[in-house]
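Here is the structure we will look at.
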Amino acid sequence: MIDSGLDDNRAYHYSRFSNSRRLEYPIISGWIKDNSRIIDFGCGDCSLIRLLKEEHNASCVGYDISETGIQRCRDNGVTAVCDAIDKEHSELCNQSFDYAICNVTLQMVMYPEVLFAEMRRVSNFQIISFPNFAYFWNRIDFFLKGKMPRPMLSGYTWYSTGHIHQLSVKDFYDFLKLFPDTEILDQHHLCGNMPMEKRLVNAFPNFLSQVSIILLK
């Protein structure tokens with residue numbers, strides 16, 4: 001097996017003490033109502049749903065393909081299932097959750113349309129976040145270097161990243177046309193760590209958003 005010495009996020013391995021913190025978390029938490037039933041597709045080390053349990057007394061379950069991530073969930077008392085998320089889950093009943101969440105994972109699955117269809121089937125509201133491939137730093141990097149944009153890869157390389165379906169904000173809006181009865185209730189667009197006016201980012205999300213978080217029904 002080739003050892004490049006570089007990170008590889010095609011197969012996540014979490015430590016016993018893993019505890020992620022991402023900029024999307026407070027935004028997602030702000031959309032959740034107390035005592036909600038939540039399913040997190042691609043829950044990783046369950047940091048997000050642990051936060052939602054603490055802040056909203058939510059009843060949560062996580063699904064992820066990473067065995068170490070699922071073990072981390074269980075170690076923290078979170079119900080979790082080790083399984084692929086982009087397939088039909090007959091064990092889950094229709095509308096059995098208030099919210100289905102997929103946080104920065106949509107671009108990493110083989111069948112995003114199947115994943116979103118399942119999210120819609122099992123929940124009343126869906127929350128999806130994803131890195132925007134059309135982010136202006138990616139465009140500049142690609143234009144100047146002619147290679148897969150490094151800002152998008154977050155320190156990985158084109159061959160060691162799990163991102164297999166890169167998409168832009170416009171691509172996601174087009175994707176929603178497959179589900180014509182889906183309504184966007186709210187959305188938030190993050191321009192990395194840059195101090196940029198929120199209204200400006202929201203006006204031009206396909207150009208200025210690095211990560212987009214969208215609430216749907």
Links that overshoot a 29 Å alpha carbon limit, given the list Lys145/Lys170; Lys170/Lys198; Lys87/Lys217; Lys87/Lys145; Lys145/Lys217: Lys87/Lys145; Lys145/Lys217
Unmatched cysteines, the chain - criterion: no other Cβ of a Cys under 4.7 angstrom: Cys43, Cys60, Cys82, Cys93, Cys102, Cys191
Neighbourhood net charge (12 Å Cβ-Cβ; Lys/Arg +1, Asp/Glu -1) for Met108: -1
Around Phe204: net Lys/Arg minus Asp/Glu count, Cβ-Cβ under 13 Å: +3
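Would you mind counting up the charge near Ile32? Only other residues with Cβ under 10 Å from its Cβ, with Lys and Arg at +1 and Asp and Glu at -1.
Summing Lys/Arg as +1 and Asp/Glu as -1 gives -2.
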Rounded Å value of the spacing that divides the Cα centres of region 150-181 and region 23-85: 22 Å
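Using a 10 Å cut-off on Cβ atoms, rank the peptides 202-211, 90-99 from the highest mean neighbour count down.
202-211, 90-99
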Distant-in-sequence amide H partners of Val211 (H built 1.01 Å from N, under 5 Å): Asn132, Leu190, Gly192
Length-normalised contact order for the chain - Cα pairs under 8 Å, 6+ apart - percent: 19 percent
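What does the convex hull of the alpha-carbon atoms of region 113-217 project to on average, in nm²?
Working: hull surface 29.7 nm².
Projected over every direction and averaged, the Cα hull of region 113-217 covers 7.4 nm².
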Relative intensity, log₁₀ I(q)/I(0), of the chain from a Debye sum that treats every alpha carbon as a point, q = 0.17, 0.18 Å⁻¹: -1.31, -1.45
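Values quoted throughout were computed directly from the atomic coordinates according to the rules given, and no laboratory measurement underlies them. Since we're looking at a predicted model, the values are computed, not measured. Neighbour counts are summed over all protein chains in view; Cβ atoms, including those assigned to glycine, are modelled from backbone coordinates with ideal geometry.
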